[in-house]
Amino acid sequence: MPRVPRMVACLCLAACVVPAGRAAALEPDEVAVVANAQSEESVALARLYLKVRNIPADRLVLVHTTKSYHVSRDKYNTQIAEPLRTVLRERGLADDIRAVCLMWHVPVRVGKANLPRVHAAKAIYAKEAEKARYRLAIAAELLDEVGRKFPEPKTDGIEPLGDLFPGARTTPDPLPELGKLLGKLQRTLQAKHATITKIADPAKQKIAWRQYLAVLKEVQGVRGVLLHIKKHDPPIDLKRRPLLDRLKAAGETLREVKASKLSGETAKTLSDALGEVGGAATAGANAHRQTQQLKRFSWADASVDSELALLWWGDYEPAGARPNLLHWRHAAKAAGKDVPRTLMTARIDGPTPEIARRLINDAVAAEKSGLTGTFYLDAGCERSKKYDGHLKKLAGFVRRRVDGERINVHLDTAKPVLKPDSAPNAALYVGWYSLRKYVSAFTWRQGAVGWHIASFEAKHLRDPDSNEWCVKMLQNGVAATLGAVDEPYLHGFPMPQEFFGLLLTGRYTLAECYWRTVPMTSWRMTLIGDPLYTPFAGRGLLRESDLPDGLAPAD
């Protein structure tokens with residue numbers, strides 16, 4: 001994901017900034033239940049959920065918003081996020097709530113943000129990238145003359161560049177690609193250095209050195225010049241202190257601008273400072289990279305759930321996927337630091353309100369009886385041999401450590417997916433890749449948890465006629481699933497061996513298993529099911545010591 005400069009000065013309440021790595025064990029009174037006041041079905045479903053899970057009544061938050069699948073970014077902010085923040089603050093629950101459960105008729109997907117500052121920055125970076133290519137193309141032409149022509153310099157230093165190379169220059173049309181320019185310059189700089197050291201005439205050699213260092217500064221900046229004269233000590237009188245002062249000043253500017261919000265002004269300031277430090281090569285490479293990365297801002301839509309995870313993050317840029325600080329690896333890196341609270345989110349939803357209601361009842365029933373059956377893993381896709389390998393390792397891991405009478409493991413490696421009516425007694429499932437084409441392979445056990453790794457499988461979550469996997473799995477009996485409201489890319493999904501590993505311990509709720517393993521927030525994934533559902537509660541099939549170190553939350 002693009003790393004976007006931003007200020008984190010205003011992070012809502014001080015109470016909402018907590019040390020990373022808080023222990024698990026999600027409790028009912030830590031769940032806020034959000035229903036749409038415009039929908040009687042949504043409110044009734046929420047009240048049922050509160051009753052079944054013994055959630056205190058003041059955890060119910062009613063928002064007034066559209067009942068449709070999609071909500072605009074502005075209405076998401078004014079009708080969902082801000083009202084939820086306000087209610088939690090007014091009720092004194094800001095510290096207590098760790099999870100949010102969204103009900104049927106709360107929108108699923110939030111649209112793109114209007115980010116004029118980002119568009120301005122993208123335009124500046126595109127201009128700076130082209131400017132850097134122009135500068136590097138001129139530098140390549142000038143470098144060819146070093147050691148061959150020796151005009152009397154019109155400056156005592158190495159700036160301005162034109163005073164060391166009299167005469168107008170033309171640049172290639174079209175300009176070469178940045179990578180090709182940098183490659184040519186690197187080779188020519190090395191060759192010219194060797195040429196200069198062999199010039200016998202001291203006067204000509206000094207002229208050549210000054211020309212060479214002038215081009216080097218254009219290409220590699222003040223830092224490049226300082227490193228070069230430190231290593232080679234060229235025979236010219238070039239004062240280092242002014243260069244060191246410039247490098248220090250540019251470094252301070254870089255620190256300031258990186259702590260600021262992205263805008264056209266900060267993009268220009270950053271490019272200028274990088275040009276001073278590292279020359280047109282560094283400024284151009286950064287500008288090109290930022291131009292490409294900022295295209296992701298046109299994708300800055302998300303699931304409502306994933307966006308709400310950042311409810312307490314204040315004035316952040318909704319600019320596409322960002323690291324989930326509840327993920328076990330990110331949490332480990334952030335441990336001990338004060339970071340904004342990230343909420344666990346899930347939704348009780350589906351093609352019909354009746355299905356949504358079943359998710360609640362099936363979760364409670366399965367916890368009482370204990371989930372048993374077959375764990376189906378479908379690893380025959382071969383879109384990624386590495387990912388297929390993960391699924392195969394998961395199958396082997398569960399077979400070795402789990403009682404086969406309670407959870408049997410069936411690994412399918414045939415292409416492309418499981419055959420129709422081939423997966424009876426399904427308790428758990430993960431597989432891929434049949435895009436928007438559910439295969440009726442399964443007879444689902446009550447309380448089954450499963451998901452299919454493919455794009456768009458929750459894009460039409462409320463359409464009973466959709467053939468997407470989330471829709472069909474819910475219609476056919478699963479109690480919990482997850483999917484994407486738009487293209488999430490493979491790295492947007494939890495790693496199956498991590499998610500199911502935690503789930504099989506019986507110690508962690510569905511929400512904890514998902515949020516401990518999903519890599520991104522402000523992205524396109526959604527978890528569908530009772531966030532408090534713990535299918536193996538009191539009947540764990542794995543020990544935490546069976547899992548990778550750090551995966552299970554610290555007590």
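Figures for the structure shown
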read-out	value
Failed item in (1) more than 22 Å from N324 (Cα to Cα); (2) touching a residue at least 24 places away in the same chain (Cβ under 8 Å), with V439 passing the rest	(2)
Single unsatisfied condition, P464 versus (1) assigned to a loop (DSSP other than H, G, I, E, B); (2) out of contact with any Lys or Arg (no Cβ under 8 Å at 6 or more places or on another chain); (3) under 25 Å from E367 (Cβ atoms)	(3)
Single residue of Y533, Y508 found to be in a loop (DSSP other than H, G, I, E, B), closer than 19 Å to E30 by Cβ, assigned by TED's automatic domain parsing to the domain that holds G380 and touching a Pro at 6+ places or on another chain (Cβ under 8 Å)	Y508
Residue identified as at negative phi, polar (S, T, N, Q) and touching a residue at least 60 places away in the same chain (Cβ under 8 Å) among Q220, Q190, Q205	Q220
So W469, is it touching a His at 6+ places or on another chain (Cβ under 9 Å) and over 26 Å from Y316 (Cβ atoms)	yes
The range 88-116, subset in a helix (DSSP H, G or I) and without any contact (Cβ under 8 Å) to a residue 40 or more places away in the chain, residue nearest to the chain's Cα centre (by Cα)	P116
Qualifying position, being hydrophobic (A, V, I, L, M, F, W, C), in a helix (DSSP H, G or I), at pLDDT 90 or above and in the same structural domain as A249 (by TED's automatic domain parsing), among L182, L213	L213
The range 434-456: number of residues that are in contact with a helix residue (DSSP H, G or I) (Cβ under 6 Å, 6 or more places away or on another chain) and over 26 Å from F536 (Cα atoms)	1
Matching entry among V43, V18 (being of a type in the set (V, I, T), in the same structural domain as L343 (by TED's automatic domain parsing) and modelled with pLDDT under 95)	V18
Matching entry among T197, T253, T266, T291 (being of a type in the set (S, T, N, Q), at negative phi and touching a Lys or Arg at 6+ places or on another chain (Cβ under 8 Å))	T291
Any hit, the range 197-208, residues being surrounded by 13 or more Cβ atoms within 10 Å (Cβ to Cβ), in contact with a helix residue (DSSP H, G or I) (Cβ under 8 Å, 6 or more places away or on another chain) and within 22 Å of A280 (Cα to Cα)	yes
Filter pass, K122 being basic (K, R), in contact (Cβ under 8 Å) with a residue 12 or more places away in the chain and not in a helix (DSSP H, G or I)	no
Criterion violated by A427 - all others in (1) out of contact with any Lys or Arg (no Cβ under 6 Å at 6 or more places or on another chain); (2) not in a helix (DSSP H, G or I) satisfied	(1)
Test: T155 is polar (S, T, N, Q) and in contact with an Asp or Glu (Cβ under 6 Å, 6 or more places away or on another chain)	yes
Out of R516, R524, sole residue that is among the basic types (K, R), closer than 26 Å to L418 by Cβ and touching a residue at least 60 places away in the same chain (Cβ under 8 Å)	R524
Matching entry among L213, L226, L243, L178 (being closer than 25 Å to A126 by Cβ and buried (at least 16 other Cβ atoms within 10 Å of the Cβ))	L178
Which listed residue is surrounded by 13 or more Cβ atoms within 10 Å (Cβ to Cβ), small (G, A, S), under 30 Å from R289 (Cβ atoms) and at pLDDT below 90, from G157, G162, G147	G162
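The values are calculated or read from the model by the stated rules, or taken from the named source; none is laboratory data. What you see is a predicted model, and the numbers here were worked out from it, not measured in a lab. Every residue, glycine among them, receives a Cβ derived from its backbone with ideal geometry; neighbour counts consider all protein chains shown.
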